[in-house]
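The values are calculated or read from the model by the stated rules, or taken from the named source; none is laboratory data. What you see is a predicted model; the values in this text were computed from it and never measured. Every residue, glycine as well, gets a Cβ built from its backbone with ideal geometry; the counts of neighbours run over all protein chains shown. Quick note on the areas: whole protein, heavy atoms, side chains included, nothing else; ligands and nucleic acids left out. Shrake-Rupley method; radii C 1.70, N 1.55, O 1.52, S 1.80 Å.
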Amino acid sequence: MVAISLKNIYKIYDKKVTAVSDFNLEIEDKEFIVFVGPSGCGKSTTLRMIAGLEDISKGSFTMDGHLMNDVAPKNRHIAMVFQNYALYPHLSVYDNMAFGLKLRKMPKKDIKVRIDKAANILGLTEYLERKPRELSGGQRQRVALGRAIVREAKLFLMDEPLSNLDAKLRVQMRAEISKIHQELNTTMIYVTHDQTEAMTMATRIVIMKDGIIQQVGTPEHVYEN
Ligand code: ADP
Ligand code: ADP
């Protein structure tokens, strides 16, 4: 089933910079899509349009047949993980993970159930009382993942989530993210400039250049040609 449809999407910044041009992609439920390409090719812009953090200049974005272009970010059932973690420094790990759910007025005991589950998946159970500055880089990125997981969103967006980590940790976190994708049975769109990440994680790869899709296919297909 086609869950997400992006049709003839354009992003034009300030009426002059065409960051994304005639982007067309249909994504099925449970896919792990990776956008790959050099810096400045429009990956992040595309992701931000899907999240609702940027307006779509032209074209249509639908989820399960509903037009999403004008839906507010908090009503999109989409969770996003950023490169710089974007944690609240004054809040504990628990409260960082709870933040989005409190915003949506979820009852406290339901919040706790979700956080306990996410902390368990991510190995954060012992760290719930700590502040972000008391954590390692890998633990911080796990908190950022946890904050997305507890949303139980239909779609996960990840914008270069591992690029601030050292090589060894990147390999480990790649495996963890793949595990999360399987355990949560969810759809992911993941942005990276790292071909190895794309090859090891994706069910389908979208190669972009200068705001245009160059190629779409399975890792085997894309890197064979
Ligand atoms: P990537 O994520 O692939 O590195 P981006 O989507 O960040 O690429 O950027 C695509 C293009 O859009 C680049 O030319 C970039 O300079 C431009 N761009 C990105 N954000 C803005 C913005 N807020 N205002 C103007 N131009 C932007
Ligand atoms: P508020 O911000 O409204 O005061 P709290 O942050 O005190 O809410 O959290 C309310 C409930 O969430 C608590 O009663 C507790 O069950 C749970 N909770 C909060 N912090 C933690 C934590 N660090 N570890 C486990 N459970 C927590």
* What relative contact order, as a whole-number percentage, does the range 100-225 give when Cα pairs under 8 Å and 6 or more residues apart are counted? -> 17
* To do: Give me D for the range 68-161 in µm² s⁻¹, whole number, from Stokes-Einstein with Rh from the Kirkwood sum over alpha-carbon pairs, 37 °C and 0.692 mPa s.
  => 245
* Alpha carbon centroid spacing (whole Å) that separates the range 151-169 from the range 77-111 -> 15
* Asked: Looking at the range 1-60, which trypsin sites (Lys or Arg not before Pro) are DSSP coil and have at most 11 other C-beta atoms within 10 Å of their C-beta?
  -> Lys15, Lys16
* At a Cα cut-off below 21 Å, give the lysines reachable from Lys58, other chains included and same-chain residues fewer than 8 away excluded. => Lys7, Lys11, Lys15, Lys16, Lys43, Lys209
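Suppose only helical runs count, i.e. DSSP H with n ≥ 4. What mean residue ellipticity at 222 nm does that imply for the chain under -39500 (n - 2.57) per run, divided by all residues and rounded to the nearest 500 deg cm²/dmol?
Working: 7 runs with 79 residues, N = 225.
Computed ellipticity for the chain at 222 nm equals -10500 deg cm²/dmol.
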* **Spatially proximal lysines relative to Lys102 (Cα-Cα < 18 Å; intrachain offsets below 8 disregarded)** => Lys74, Lys112, Lys117
* Using a probe of 1.4 angstrom, how much of the accessible area of the range 117-225 is carbon and sulfur, in percent? -> 45
* **Cα gyration tensor category, rounded, prolate or oblate, for the chain with a/c compared to 1.5** => prolate
* Asked: Which of Lys30/Lys105; Lys108/Lys131; Lys108/Lys168 have a Cα-Cα distance over 26 Å?
  -> Lys30/Lys105; Lys108/Lys168
* Counting other Cβ atoms within 10 Å of each Cβ, which trypsin sites (Lys or Arg not before Pro) in the range 124-225 have at most 16 and sit in a DSSP loop? -> Arg130, Lys154
* So how far apart, in nm, are the two label points at Lys108 and Asn8 if each is 7 Å from Cα heading toward Cβ? -> 5.2
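Hey, any idea what % of the range 57-104's accessible area is carbon plus sulfur with a 1.4 Å probe?
Working: 1490 of 2600 Å².
Accessible surface attributable to carbon and sulfur in the range 57-104 totals 58 percent.
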* **Loop-resident sites, the range 70-113, for trypsin sites (Lys or Arg not before Pro), counting at most 14 other Cβ within 10 Å (DSSP)** => Arg104, Lys105
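Take every Cα pair under 8 Å in the chain that's 6+ residues apart, average their separations, divide by the length, and report that relative contact order as a whole percent.
Numbers: 412 pairs, mean separation 65.7, N = 225.
Here the relative contact order equals 29 percent.
How much of the pair distance distribution for the range 58-121 lies past 14 Å, counting alpha-carbon pairs only, in percent? Mind showing how you got there, number by number?
Numbers: 1381 of 2016 pairs.
Summing the P(r) tail past 14 Å for the range 58-121 gives 69 percent.
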